[in-house]
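Peer 1: Below you will find the structure I want to go over with you.
The values are calculated or read from the model by the stated rules, or taken from the named source; none is laboratory data. On a predicted model such as this, the values are computed, not experimentally measured, just so you know. All Cβ positions, even for glycine, are placed from backbone atoms using ideal geometry, and neighbour counts span all protein chains on display. Ligands, DNA and RNA are stripped out before the accessible areas are found, and what is left, the full protein with its side chains, is counted by its heavy atoms. Shrake-Rupley method; radii C 1.70, N 1.55, O 1.52, S 1.80 Å.
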Amino acid sequence: MAGFAPPEVGRALDSRFPEALEYTRRLLRQPSVSATGEGIRECSELVRQMMADIGCKTRTWAKGGHPLVIGELDVGAPVTLIVYEMYDVQPVGDLNAWQAPPFAAEIRDVPGVGQAIIGRGSTNSKGALANHLFAWKTIRDVDEMPVNLKILAEGEEEISSANFIAYIRTHRRELKADAAIANDYSEDLRGVPTIYLGVKGCLYLTVWSRGNPQAGGPMDSEIHSSNAVWIGSPVWRLLQALTTLVDGDQRPAIDGIWDDVVPPTKRDSAMVRALAKTFDPSAWLQEERTAKFKFDLPKDQLLLKYLFEPTVNICGIYSGYIEHGGTKTVLPHEAYAKIDIRLVKDMTVEGTLRKLRAHLKKRGYDDLRIEVHGPYGPAKTDPGSWIAKAAVEAIEANGKQPEVWPSSGGTMPAFAFDEYLKLPWVSMGLGHGSRAHAPNEYASIDGMKRFMAGEATLLYAAAKRAPKRPR
């Protein structure tokens, strides 16, 4: 934190860390599953109260769905940051696959990591939310807050971000600020932190195949599988349609989808070449618990694919008899697949969906029904922006050298900062966590200490580095 945050802030964060840990575990113990609604209302109120406790003016906002929790901390500083947070989590999945109850926030030893909190939301992203709030509370207790904060904590990141997007679109005047941050634990297993300057968009779909007069197949319920000799299967129909969406390397093959994909800029390519010097593919594979990449390519070419190519991915398929054990010979009357299409720069939700529908219709699959779930487009921020430079300085001040990525393979609604607020933004953070969306999601306890120190440093760096402008 040298050179930015006062020494007393660092000392207070160190001495109060046991309190910060229990503060974080309290939030993690409160379920908040956006897909089912489990615990969402209770968690939104807990987050609102935690914001109020650090002096924020708070309120919630929603047009249906799950509430956006808004906290405004105006200390009269010349610099204002918008802070993106999320308090919702993914469903826990198979309880038997967890080594500790997913909402117990138990502390366990994770091989190669050390002591960590095991729990849904620990790394994605309630752990960082609680750490943020505690760090800001600590600053207020021992010093003057160096910036104003406008905190937006949404409860729908995992299902659409509908309220977050609607709020930003309709409250631009209230959201006047100098920059935005969307920070989380970003260190890999080597301890190297990442600064992300872009994200992909996401078009999430449910594709249904049902028996119907046009395509055939049973229409009301499953029937005996002996009929498969002369009655069509909606399940095979779905699978056959899905195989047309990708090529043999599982790259997108939807008609015209590559027409909107623009190549990386010269600056993007230069950043990737610099990144390739430190990128460790084996560490990435280890963290993702995967044996190898699809392609045997040099590091820079792998990174270019990851950052600048779209994907068509099957998240899950459901139909018929799927229980473990026993047999049941049926011909199902319906099947559906959950699909996500990751969008890169210049691809649009509307254009991609239109091309998908035309692709399926051309091949005779226009009877398939497509449901669209809260899509949003990609986003990029300027690597030369003052907030990006402040992020690098904040990490370096805490003894780390970050990898600066021109984009990310992941998705969040950062396009709203670009499109509606015209703000530079950054995603960064010290600390390590992993297994998001999977059983045994965890966040390193030592990493939480580093995260809070880094986030405190960033506020002071932002106060110093933001361009001065009339108020």
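Peer 1: About the Cα centre of the range 14-104, what is the dipole size in debye to 20, counting +1 per Lys and Arg Cβ and -1 per Asp and Glu Cβ, all else neutral? Could the numbers behind the result be given before it?
Peer 2: Numbers: 9 positive and 12 negative charges, 41 e Å.
For this selection, approximately 200 debye.
Peer 1: Whole-Hz Karplus ³J(HN,Hα) for the range 292-298, in order, using 6.51 cos²θ - 1.76 cosθ + 1.60 and θ = phi - 60°, x for Gly and Pro?
Peer 2: 7, 7, 5, 10, 9, 9, x
Peer 1: Return the long-range amide H neighbours of Ala180 (sequence gap of 5 or more, or a different chain), with a cut-off of under 5 Å between placed amide H atoms.
Peer 2: Ile82, Trp425, Val426
Peer 1: Rounded to the nearest 20 Debye, what is the dipole magnitude of the range 367-433 about its Cα centre when Lys and Arg each give +1 and Asp and Glu each give -1 at the C-beta?
Peer 2: Rounded to the nearest 20 debye, it is 100 debye.
Peer 1: If you place +1 on the Cβ of every Lys and Arg, -1 on the Cβ of every Asp and Glu, and leave all else neutral, what size is the dipole of the chain about its Cα centre, to the nearest 20 Debye?
Peer 2: On the way: 57 positive and 58 negative charges, 205 e Å.
With Lys and Arg at +1 and Asp and Glu at -1, about 980 debye.
Peer 1: A follow-up question, please. Show me, for the range 151-165, the HN-Hα J-couplings you get by feeding each phi into the Karplus relation (A = 6.51, B = -1.76, C = 1.60, θ = phi - 60°), rounded to Hz, glycine and proline as x.
Peer 2: Here the 3J(HN,Hα) series is 9, 10, 10, 9, x, 9, 4, 7, 10, 2, 6, 4, 5, 4, 5 Hz.
Peer 1: Here's a follow-up. Semi-axes of the equivalent ellipsoid for the chain, please: Cα gyration tensor eigenvalues, times 5, square-rooted, ordered largest first, whole Å.
Peer 2: Over the Cα atoms of the chain, the semi-axes work out to 41, 25, 22 Å.
Peer 1: Can you give me the angle between helix 349-362 and the longest principal axis of the chain, using Cα atoms only, in degrees from 0 to 90, rounded to the nearest 10?
Peer 2: 10
Peer 1: Would you kindly find the accessible area of Glu323, with a 1.4 Å probe and non-protein molecules such as ligands, DNA and RNA excluded, rounding to the nearest 10 Å²?
Peer 2: 110
Peer 1: Counting only heavy atoms of the protein chains, get the accessible area per residue of the range 308-428 (1.4 Å probe) and round it to a whole Å² value.
Peer 2: 44
Peer 1: Could you list, in their original order, any pairs among Lys294/Lys389; Lys305/Lys400; Lys150/Lys338; Lys200/Lys361; Lys137/Lys345; Lys63/Lys338 whose Cα atoms are separated by more than 32 Å?
Peer 2: In this structure, Lys294/Lys389; Lys150/Lys338; Lys137/Lys345 lie more than 32 Å apart at Cα.
Peer 1: ³J(HN,Hα) across the range 281-289 via Karplus (A = 6.51, B = -1.76, C = 1.60, θ = phi - 60°), whole Hz, x for Gly/Pro?
Peer 2: x, 5, 5, 4, 4, 4, 5, 8, 6
Peer 1: Search the structure for amide H atoms under 5 Å from the amide H of Glu441, placed 1.01 Å from N in the peptide plane, and list their residues when 5 or more places away or on another chain.
Peer 2: Result for Glu441 returns Gly119.
Peer 1: Show the residues, 5+ positions off or on another chain, whose built amide H is closer than 5 Å to the amide H of Arg59.
Peer 2: Answer set, sorted by chain and number: Ile70.
Peer 1: Same structure again: Can you give the accessible area of Tyr321 in Å² (nearest 10), computed on protein heavy atoms with a 1.4 Å probe?
Peer 2: Answer for Tyr321: close to 80 Å² accessible.
Peer 1: At 1.4 Å probe size, put Cys315, Cys202 in order of accessible surface, largest to smallest.
Peer 2: Cys315, Cys202
Peer 1: Express the Stokes-Einstein translational diffusion coefficient of the range 189-293 in µm² s⁻¹, to the nearest whole number, given a Kirkwood radius over alpha-carbon pairs, 20 °C and a viscosity of 1.002 mPa s. Display every interim value, and only then the final one.
Peer 2: On the way: Rh = 18.9 Å.
Stokes-Einstein gives a translational diffusion coefficient of 113 µm²/s.
Peer 1: Out of the total accessible area of the chain (probe 1.4 Å, heavy atoms of protein only), what percent is carbon and sulfur?
Peer 2: Here carbon and sulfur together make up 51 percent of the probe-accessible area.
Peer 1: How much accessible area does Lys294 have with a 1.4 Å probe, in Å² rounded to the nearest 10?
Peer 2: 120
Peer 1: Now for a separate question. Heavy-atom accessible area per residue, the range 1-97, 1.4 Å probe: how many Å²?
Peer 2: Values: 4370 Å² over 97 residues.
On a per-residue basis, 45 Å².
Peer 1: Per 0.36 nm of contour for each residue apart, how much would the distance between Lys63 and Ala438 grow if the chain were fully extended, relative to their Cα-Cα spacing?
Peer 2: 132.0 nm
Peer 1: Could you state the angle between the C-alpha long axis of helix 17-29 and the longest principal axis of the C-alpha atoms of the chain, as a value from 0 to 90 degrees rounded to the nearest 10?
Peer 2: For 17-29 against the chain, the angle is about 30 degrees.
Peer 1: What is the range 262-362 by shape, rounded, prolate or oblate, if you read a ≥ b ≥ c off the alpha carbon gyration tensor as root eigenvalues and call it rounded for a/c under 1.5, prolate for a/b larger than b/c, and oblate otherwise? It would help to have the intermediate numbers written out before the result.
Peer 2: Details: a/c = 4.18, a/b = 1.56, b/c = 2.68.
Judged from the Cα gyration tensor, the range 262-362 comes out oblate (a/c at least 1.5, b/c at or above a/b).
Peer 1: What net charge do the residues around Trp98 carry, taking every other residue with its C-beta under 15 Å from that of Trp98, with Lys and Arg at +1 and Asp and Glu at -1? Mind showing how you got there, number by number?
Peer 2: Working: positive: Arg29, Arg108, Arg120, Arg435; negative: Asp94, Glu106, Glu441.
Neighbour charge sum, excluding Trp98 itself: +1.
Peer 1: Sticking with this structure for a sec: What FRET efficiency comes out for Lys292 versus Trp258 if R0 is 22 angstrom and r is the Cβ-Cβ distance? Round to the nearest 0.05.
Peer 2: On the way: r = 25 Å, r/R0 = 1.14.
Rounded to the nearest 0.05, the efficiency is 0.30.
Peer 1: Name the residue from Ala20, Thr381, Gly55 whose Cα lies farthest towards the positive end of the charge dipole of the chain, charges +1 on Cβ of Lys and Arg and -1 on Cβ of Asp and Glu.
Peer 2: Positive-end residue among those listed: Thr381.
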